[in-house]
Each structure stands twice: as structure tokens, then as C-alpha cells.
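Input: a single structure, listed below in C-alpha cells.
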Amino acid sequence: MGQIRLTGLKAGVPIGFMAALGTFRHAAHIPELGTVELGWTPHAGQWCASLHTTEPRESEAFVKLLLDRVKAAGDRPEFQWSEAVKTRSREEFAKAARPAIEVASAADHEFADWFAAFGSELVLKNDKVESTPLDMTVARQQFLADAAWLTTSLATPDKKVGDALNLASFQETLFGPWKYAENQHSLGWDPSTILMGAFTPKAPTAMNKAGVRGAVWLAMESLPFFPCVYQAGRLATRAFVREKRKLSFQWPIWTQPLSRTAVQTFLAQVPDMKPEEWNARGVAAVYSSNVYKPNKYLSSFQPAVLMG
């Protein structure tokens, strides 16, 4: 059994946890790694993600395999059907999702998983589909168009240095430290990169972004772990907890390596667990990040707190 410690993916940051799930989802489809499970390992005072594989690989080899998978994926139909989710009508969303439902099977349901994560045609907001709370895009940002652009960016070699820049972005993402040197918006998932335009002479749209492309892309790739459903007249999303008007994202940390199915079950169960049940159920820690909404347009994650 091999182990790849992803020391750049820290448990205490929403984007770090999301990127770990996205990495895990792709790693599970890389044949050279064999069977892949995800766990968390103590590192530098908190937890970092750890991939457990039946076929051992060194970290540099894993980064290369990941980039090869990105490049081989080609066009991503889940990102091509619209520029955004929240601008689509119920009929448009259902029509786009229909092929995903028709081809879904026990062996191939990735496309359907994406549409389940985007929202539900049963829940509307201003006569448009209400998208997942992970869609924190606003103004010029377009959730799906931005995801498609980022995918293309990471799959396209530079004319001068080839794959070096994209390999470096994934290397930084997975093993750290994050330098935040790329002009990449973190889509509201990284509390440390929120642009406080009200306290600067520039509008946020005119300010350079500070992010890590590989981290944002891998976080986007975690969406299939967070399906949306219609519940009590509103949108409910796995791992999100609503208490009155407060919405929070809660995620567990576990040390025993788990399969994808087990991780999905864990994410669904932990918000309903009592703290006294955590230890017996294999939960090492639980983090929570409130969704900050200063107005009806903006939203982002606040710094996470350790619940236990």
C-alpha cells in the first residue's frame, strides 16, 4: 500500500478540504494508482489529506499523472451547456440534465452527479434555477464558464515552457506552500483571498486576484460529492446546515482511509451526528465555515472554526 501525503491540502480551510475531495475523485480514476482511498494525517498542527493507493507512486509522478488526466479529458460537457447555472430556467436545466440521466448507470454516472450538484429544477429563485450554495459567483464571474476556462488553462501547455507552469500549480496545490502568486479568483471558497473592495480605492473587478489555479480547479472537481435536493420547500445541499437564517458548511476529518462511497456517506451523516458520537464513528474532527452574505449578491466562506 502506498501513501501520498498531500501536505498542501489542509483540513481547516474550505478550499483545502474541497480540493482534497477533487484530488481523490480524479485519483480514483487513474489506473496507475490502483485502488485509492482518502484519509487525513496530522501535519504542522492540523490535518492534511492523504491518498492511500494499492500501487505506490512518488509525489512527482502523481502530479504528472494528474496533469495527464486533465489534458486527456478534452471538452467537459458538464461545463459547456451554459455559462452559469443561476441564469437557467427550470425547463432549460431539465433539458440539459436529461442526457445525463439517460446515460447514468452503476458504472458511469459522473455526468448525472454533476447535474445533481449544480442544483435542482424543483427549486427556483427569481424564476431561475437556484444553484448550489457553492456557486458564489457574482458580477462578471460565470460559474460554469469560469470552470471551463480554468480547465482549458490547466490543460494547455505554455508556448515557451510547455507543461511546467501547470505542473508547478498542481505541485504547489498538493504539497504547498501556497504562494498565491497566480491571478486566479478563489470563487469565495478561500477566506484569505476575499477582496474587500469597500476598503480600497479600486473596485474588486479591477483588482488583481491572488489564488492558486490548481487549488481552485480541484475544489471545483469536488462538486459531485455535494448533491442538491428539494427539501421542505427549499434547496438542501449535502454538508450544508441551515439554522434559521445562517447557512454553514460543515465537514468531517477522518484518519481511517475511506472509499468514495464511504466518504459520501460520511459527508451526509456528520451534520446530524452528536459530538459524543464522533469518536465511535471514526470522526477525528469537524470544521464549520459560515456562508457570509453582506448583501443579496455577494457570498463567501468565513474562516473555519473547529467544532471538535
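The values are calculated or read from the model by the stated rules, or taken from the named source; none is laboratory data. For clarity, every value in this text was computed on a predicted model and none was experimentally measured. Positions of Cβ are backbone-derived with ideal geometry, glycine not excepted, and every protein chain shown enters the neighbour counts.
Here region 85-140 is the region considered, the condition is being at pLDDT 90 or above and hydroxyl-bearing (Ser, Thr, Tyr), and the residue that is nearest to Leu298 (Cα to Cα) is Thr137.
Here's the yes/no breakdown for (1) within 18 Å of Ala285 (Cα to Cα); (2) at pLDDT below 95; (3) touching a Ser or Thr at 6+ places or on another chain (Cβ under 7 Å):
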residue	(1), (2), (3)
Trp40	yes, no, yes
Gln46	yes, yes, no
Ser50	yes, no, yes
Pro56	no, no, no
Ala61	no, no, no
Lys64	no, no, no
Asp68	no, no, no
Asp75	no, yes, no
Gln80	no, yes, no
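For region 236-256, check the following and say yes or no: at least one residue is among the aliphatic types (A, V, I, L, M) and in contact with a Gly (Cβ under 7 Å, 6 or more places away or on another chain). No: region 236-256 contains no residue that is among the aliphatic types (A, V, I, L, M) and in contact with a Gly (Cβ under 7 Å, 6 or more places away or on another chain). Scanning region 126-138 for residues that are touching a Leu at 6+ places or on another chain (Cβ under 9 Å) and outside any strand (DSSP E or B) yields Thr132, Pro133, Leu134, Asp135, Met136, Thr137, Val138.
Scan region 243-278 for residues that are acidic (Asp, Glu) and in contact with a Ser or Thr (Cβ under 6 Å, 6 or more places away or on another chain) and jot them down. Can you show your working first?
Restricting attention to region 243-278, the residues satisfying the condition of being acidic (Asp, Glu) are 243, 272, 276-277.
Correct list: empty.
With a requirement of 3 or more residues that are of a type in the set (A, V, I, L, M, F, W, C) and in contact with a helix residue (DSSP H, G or I) (Cβ under 7 Å, 6 or more places away or on another chain), the helices (runs of 4 or more DSSP H) lying completely within region 25-104 that satisfy it span 59-73, 90-103. Being modelled with pLDDT of 90 or more and closer than 25 Å to Ser299 by Cβ is a condition met by no residue of region 269-283.
Is it true that Phe225 is at pLDDT 95 or above, within 27 Å of Pro275 (Cβ to Cβ), of a type outside the set (Asp, Glu) and surrounded by 20 or more Cβ atoms within 10 Å (Cβ to Cβ)? Answer is yes for this residue.
If you go through region 264-308 and pick out every residue that is touching a Gly at 6+ places or on another chain (Cβ under 9 Å) and among the polar types (S, T, N, Q), you end up with 2. Scanning region 50-82 for residues that are under 29 Å from Gln3 (Cα atoms) and of a type in the set (S, T, N, Q) yields Ser50, Thr53, Thr54, Ser59. Looking only at residues in region 153-191 that are of a type in the set (S, T, N, Q), over 16 Å from the mean Cα position of the chain (by Cα) and in a loop (DSSP other than H, G, I, E, B), the one that is surrounded by the fewest Cβ atoms within 10 Å (Cβ to Cβ) is Asn183.
Residue under question is Ser153, and the condition is that it be of a type in the set (Gly, Ala, Ser), in contact with a Gly (Cβ under 7 Å, 6 or more places away or on another chain) and either under 29 Å from Tyr292 (Cα atoms) or in contact (Cβ under 8 Å) with a residue 12 or more places away in the chain (or both); does it hold? Steps first, answer last, please.
Details: of a type in the set (Gly, Ala, Ser): yes; in contact with a Gly (Cβ under 7 Å, 6 or more places away or on another chain): no; either under 29 Å from Tyr292 (Cα atoms) or in contact (Cβ under 8 Å) with a residue 12 or more places away in the chain (or both): yes.
No.
Of the strands (runs of 3 or more DSSP E) lying entirely inside region 229-308, those carrying at least 1 residues that are of a type in the set (S, T, N, Q) are 234-237, 246-254, 283-292.
Does at least one position in region 10-17 carry a residue that is assigned to a strand (DSSP E or B), β-branched (Val, Ile, Thr), under 24 Å from Phe249 (Cα atoms) and within 18 Å of the chain's Cα centre (by Cα)?
Our first condition is that a residue be assigned to a strand (DSSP E or B); within region 10-17, this holds for 10.
This time we only want the ones that are β-branched (Val, Ile, Thr), so: none.
No - not one qualifying residue is present in region 10-17.
Among the criteria (1) of a type in the set (Val, Ile, Thr); (2) in contact with a Leu (Cβ under 6 Å, 6 or more places away or on another chain); (3) at pLDDT below 90, the one Thr193 does not fulfil is (2).
What number of residues within region 234-246 are touching a residue at least 12 places away in the same chain (Cβ under 8 Å) and either touching a Cys at 6+ places or on another chain (Cβ under 6 Å) or more than 26 Å from Gly282 (Cβ to Cβ) (or both)?
Final tally of qualifying residues: 4.
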